[in-house]
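Data block below; observations after.
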Amino acid sequence: MGLKTLTYIVVGLSFALYIGIAFWSKARTTGDFYVAGKHVHPVANGMATAADWMSAASFISMAGLIAFLGYDSSVYLMGWTGGYVLLALLLAPYLRRFGKFTVPDFIGERYYSDAARVVAVICLIVISFTYVAGQMRGVGIVFSRFLSVDISVGLAVGMGVVFLYAVLGGMKGITYTQVAQYCVLIFAYTVPAAFISLQVTGVALPQAAFGSEVLDGGGRLLETLDRIVTDLGFTAFTSGSKSTADIFFITLALMIGTAGLPHVLVRFFTVPRVRDARASAGYALLFIAILYTTAPAVGALARLNLTATIQTGPVFEETANLRYEDRPGWFRTWEETGLLRFQDLNGDGRIQYYNDANPEFAVRAEAEGWRGNELTVDRDIIVLANPEIAQLPNWVIALVAAGGIAAALSTAAGLLLVISAAVSHDLIKSVFARNISERAELRAGRISAAVAVLLAGYLGFNPPGFVAEVVALAFGLAAASLFPAILLGILSLRVNKQGAIAGMLSGLVFTMGYIVYFKGVFVAPFAANTPENWLFGISPEGIGALCLPRFRRSVEGRDAFAKRQDDFMRLLRSRDSGG
Amino acid sequence: MSKLSYWGENLRLALILLAVWFAISFGCGVLLADFLNQFTLGGFKLGFWFAQQGSLYGFLALIFVYVALMNRIDRKHGVRED
């Protein structure tokens, strides 16, 4: 059976599974629709959170980022996991104790203000739509690469599937499909990684393998890799080119952004008890860490494989560069997709792959007759080509396709659901039509989910020009608006609604303004080591936190506002569990 | 220990664990990474290992320690959720 047929079958089966789950877990009440009836087991919630969290970018692009950035990529590894400690210790248990349905619910009740609630809804919608646009694009790209269909066809199919289980099943449907999607994606990620580790080092566990000796006697893997890449003018894999301050602030901003993303926060509303919220944050990080600790190994192994395939002997020895005619099969496959590109600049029929942006090395290379780097590598290839490089059977390749689609769909669905809940619950039910019936609210939820899917699809068809960056933008916005409003709402008795509203709005406006202002710079938001950039690293969360003016309550204990607020805080910090 | 309220104990535990959180990630993985890189652990430079592997294991351990200790604090204060 051909690879394409097999891929169709595997992806089709995974879709059948998701749709089956959708029918099985149809939402019957608003509680089902918003928070899966609060019946989700902490382990299942951990898996669902992990799938919700790990997007197409984590699955497809991260190992490639690590392969080419080395130590500098630690900002993503630490930033996207460290936020879970903040979530578990500072937010999740209190959100669950509060016990209602949504994040704006929490903000509206804590600050006893519909205005604060509406501002939170605006922040949530801006954050989620920026994020979801990137995901829908990801769905289309995976489809077009593996099934060689048009991006828009892939997008339409993906939308159809999400439409079915998000509109029908609400949070309940999403939760259980995410559990299935996690299983698909983690299997698809770890199996090729383990085989490659085994082939290169004889150790099957990737986390240990990339510190081990390589089998052909070249010494420790990381030392070998450092030597090979520095010989070609690149920065050593284990040391970075960013400044310490840069790394520090970017990591911090990503951690805080992670802890402020509404589609992650809402997952902690779905478990039965407060203690389950704490535990499920732990399980979520466990399931995420399985992929995140594997990724650096995949990155290092792939970088070594790629470099050693092309540079087969000592640098500048004429026969040490791979002849283009002798390139391996996977090289040819990925050349066809345009992810690998060779251009014989010096016309010697051999591939010279080196860092021509390193001036010192470029001069030496010039003297040896090299006329510039001849190989362009798209970083996404690292994960996508892995099974082929490891010579794994076709069904594993098909599974990687299903895994990439699962990663994109699960994140998109989670985001779409928080958007629809914010509209039907926080705008319609809580502000504009308070006496709407349960059935009508559920219908409103379904309709807004459907509209959100269509809008997201539109954004996928007509991406706002800078897909990679919009995800980073979502983090900045979350860090600057929702995170401080929730955290200070829990920790401080003194923050009031004026402070919260001013803080959220200024965080949102400042971050967006910053991005518009530095549009050119923002393309690689955390790449260049300039003061502007590390100002960005700190400012999203910095400005948000600082802007919450700590007004003392001027009406202490005197009116209903303060009374309500005191009761609320007592509930939050008490031993009693919420509803 | 018993002097502290439920919320106080909650907060103290979170602060202690957050100090550790900061030390393993921002401390060992970032600020001290260059210094730690002179040592090796199982084939990894230590600073690099903390940044790409160690801090993640540390985060995991922290959350599960928090879960266990909070359950104990819950029991001590008679929190019933079942």
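The values are calculated or read from the model by the stated rules, or taken from the named source; none is laboratory data. Keep in mind that this is a model prediction, so the values were computed, not measured. As a convention, Cβ positions derive from the backbone with ideal geometry for all residues, glycine included, and neighbour counts pool all protein chains shown. Just so you know, the surface numbers come from the protein's heavy atoms only, side chains and all, with ligands and any DNA or RNA stripped out. Shrake-Rupley method; radii C 1.70, N 1.55, O 1.52, S 1.80 Å.
Of the residues making up the stretch B:7-18, none is in a helix (DSSP H, G or I), open to solvent by 20 Å² or more (accessible area, probe 1.4 Å), more than 21 Å from A:Phe210 (Cβ to Cβ) and among the polar types (S, T, N, Q).
Could you tell me which residue of the stretch B:20-34 is nearest to A:Gly240 (Cα to Cα), considering only residues that are open to solvent by 60 Å² or more (accessible area, probe 1.4 Å) and in a helix (DSSP H, G or I)? Full working, then the answer.
At the first step, the residues of the stretch B:20-34 found to be open to solvent by 60 Å² or more (accessible area, probe 1.4 Å) are B:20, B:22, B:31-32, B:34.
With in a helix (DSSP H, G or I) added as a condition, the list becomes B:20, B:22, B:31, B:34.
Values: B:Val20: 24, B:Phe22: 20, B:Leu31: 13, B:Asp34: 10 Å.
That would be B:Asp34.
When you scan the stretch A:151-162, do you find a residue that is within 14 Å of another protein chain (Cβ to nearest Cβ) and not β-branched (Val, Ile, Thr), even just one? Full working, then the answer.
Initial filter on the stretch A:151-162 (within 14 Å of another protein chain (Cβ to nearest Cβ)): none.
Taking every residue of the stretch A:151-162 in turn, none turns out to be within 14 Å of another protein chain (Cβ to nearest Cβ) and not β-branched (Val, Ile, Thr).
Taking the stretch A:16-30 as the range and being in a helix (DSSP H, G or I) and crowded, with 19+ Cβ neighbours inside 10 Å as the test, the residues that pass are A:Tyr18, A:Ile21, A:Ala22, A:Thr30.
Here's the yes/no breakdown for (1) within 30 Å of A:Thr294 (Cβ to Cβ); (2) touching a Pro at 6+ places or on another chain (Cβ under 9 Å):
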position: A:Trp24; (1), (2): no, no
position: A:Gly37; (1), (2): no, no
position: A:Met54; (1), (2): yes, no
position: A:Ser58; (1), (2): yes, no
position: A:Phe98; (1), (2): no, no
position: A:Pro104; (1), (2): no, yes
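Of all residues in the stretch B:1-36, those satisfying the criterion of being within 10 Å of chain A (Cβ to nearest Cβ) and among the polar types (S, T, N, Q) are B:Ser5, B:Asn10, B:Ser25.
The condition (being more than 8 Å from chain A (Cβ to nearest Cβ) and at pLDDT 90 or above) is satisfied by just one residue among B:Phe39, B:Phe50: B:Phe50. If only residues of the stretch A:184-220 that are assigned to a helix (DSSP H, G or I), out of contact with any Pro (no Cβ under 9 Å at 6 or more places or on another chain) and hydroxyl-bearing (Ser, Thr, Tyr) are counted, the one that is farthest from the other protein chains (Cβ to nearest Cβ) is A:Tyr189. Of all residue pairs spaced 6 or more apart or on separate chains, those with beta-carbon atoms under 9 Å, a first member in the stretch B:57-82 that is more than 9 Å from every other protein chain (Cβ to nearest Cβ) and farther than 22 Å from A:Gly79 by Cα and a second member that is part of a helix (DSSP H, G or I) and open to solvent by less than 70 Å² (accessible area, probe 1.4 Å) are B:Leu69/B:Leu13; B:Leu69/B:Leu17; B:Ile73/B:Tyr6; B:Ile73/B:Glu9; B:Ile73/B:Asn10; B:Ile73/B:Leu13; B:Lys76/B:Tyr6; B:Lys76/B:Glu9. Comparison of A:Ser55, A:Ser61 shows that the only residue that is farther than 27 Å from A:Leu488 by Cβ and surrounded by 24 or more Cβ atoms within 10 Å (Cβ to Cβ) is A:Ser55. The residue of the stretch A:279-295 that is surrounded by the most Cβ atoms within 10 Å (Cβ to Cβ), among those that are over 14 Å from B:Leu62 (Cβ atoms) and facing chain B (nearest Cβ under 7 Å), is A:Tyr292. If only residues of the stretch A:221-252 that are open to solvent by 50 Å² or more (accessible area, probe 1.4 Å) and over 31 Å from the mean Cα position of the chain (by Cα) are counted, the one that is farthest from the other protein chains (Cβ to nearest Cβ) is A:Asp231. Can you name the residue in the stretch A:34-48 that is over 24 Å from the mean Cα position of the chain (by Cα) and assigned to a helix (DSSP H, G or I) and is also modelled with the highest pLDDT among such residues? For the stretch A:34-48, the residue satisfying everything is A:Lys38. Screening A:Ala120, A:Ala133 for residues that are modelled with pLDDT of 90 or more, in contact with a Gly (Cβ under 8 Å, 6 or more places away or on another chain) and of a type outside the set (Ser, Thr, Tyr) leaves exactly one candidate, A:Ala120. Quick one: how many residues across the stretch A:100-121 are open to solvent by 10 Å² or more (accessible area, probe 1.4 Å) and more than 24 Å from A:Arg494 (Cβ to Cβ)? Adding up the residues that qualify gives 1.
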